[in-house]
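Chemist: Pasting in a structure now, in structure tokens, and then I'll have a few things to ask.
Derivation of every value follows stated rules applied to the coordinates shown; laboratory data play no part. Computed from a predicted structure; not experimentally measured. No Cβ is skipped: glycine too gets one built from the backbone with ideal geometry, and neighbour counts run over all protein chains shown.
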Amino acid sequence: MNQSAVAKVFDVYMFDSGEGEFPSSRVLKDRISRALSGAVLTPQTLNWFIGAFGMPESDAIRLRETLNGHTSLPPGISHTLRTPTELARPQRHRTISLMERYVFGPTGTPSTRHTRQMIRAAEDGVESYIFNHEPEVQAINVLQGGRLGRRFEYGEGLKGVEIVLETPLNNSQVAALEYDATFRDSLISPTQVRRAAYARAEQFSLTVQFSEQRKPREAWWCVWDDHFAHRPLEERPVDLRKNSLVHFLPYFEQAVVGFRWGW
């Protein structure tokens, strides 16, 4: 990470916000260096990072709790799949951050699924990523990081599409992807969304946004042992927050997780 670039972001933020006494460039760079190296991170410096980079309140709370030694992060989930899943192609990357948001309309049917993802190559010559999606998806739009390629159907009903990367990755190189899936109109109102990870996926956030006109009566966070299994292995009740279901995992692998709900 370029510490001078971070310092410039801080400069703009402090000038625009009038944040306290403005430190000298040298003091600012020293603080940033100590924070990014893991040597020293003060509450004030953490607040600068939160403000300068526009971090959402949920992330800010987790960061402050972690700094104070009172983290409330949930544990990761791994190896709940009962049988290996056939993949369209061997996975040659790891996901280092993954944010997904489903939006449901007033009829209780999904309209869009938005994904932002960072992947890291696990070997040289990684040219594409395969996005697994629901059968009801009618269109996929790649907003950043690549273009659509071949389509696949495999694993007893899974559907996927290849996102060809803008630049092939060598081992440990990283690519940022952003893409939308649009659902076709349907008379059926789903009662769950799921996300599978075969190799390890880190920093996973799943949000399901409902319309004010139709919201679930009750909902659960679930872990399944198969992508199509009916009954979850584990589940716990969750509450709607501003018409949304939200859950964060530090990592999951060889597992299927998600929400289910009742109308």
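Chemist: Cut-off 10 angstrom, C-alpha nodes, Gaussian network model of the chain. Which of Leu67, Leu233, Leu177 fluctuates the most?
Modeler: Among Leu67, Leu233, Leu177, the largest mean-square fluctuation in the Gaussian network model of the chain belongs to Leu67.
Chemist: With percent of Cα pairs over 23 Å apart in mind, check (1) 60; (2) 46; (3) 56 and report the label derived from this structure.
Modeler: Label of the calculated value: (1).
Chemist: Taking springs between alpha-carbon atoms closer than 10 angstrom, which of Tyr13, Tyr154, Tyr129 fluctuates most in the Gaussian network model of the chain?
Modeler: Ranking Tyr13, Tyr154, Tyr129 by mean-square fluctuation puts Tyr13 first.
Chemist: Around Lys215, what is the net charge, scoring Lys/Arg as +1 and Asp/Glu as -1 over all other residues with Cβ under 15 Å from its Cβ?
Modeler: Local net charge: +2.
Chemist: Next up: Which lysines have a Cα lying under 30 Å from the Cα of Lys8, excluding residues fewer than 8 positions away in the same chain?
Modeler: Hits, sequence-local ones excluded: Lys29.
Chemist: Nearest 500 deg cm²/dmol is fine: what mean residue ellipticity at 222 nm does the chain get from its DSSP H runs of n ≥ 4 alone, each adding -39,500 (n - 2.57), divided by its residue count?
Modeler: -6000 deg cm²/dmol
Chemist: How about Lys242: which lysines have a C-alpha closer than 25 Å to its C-alpha, ignoring those fewer than 8 places off in the same chain?
Modeler: Lys215
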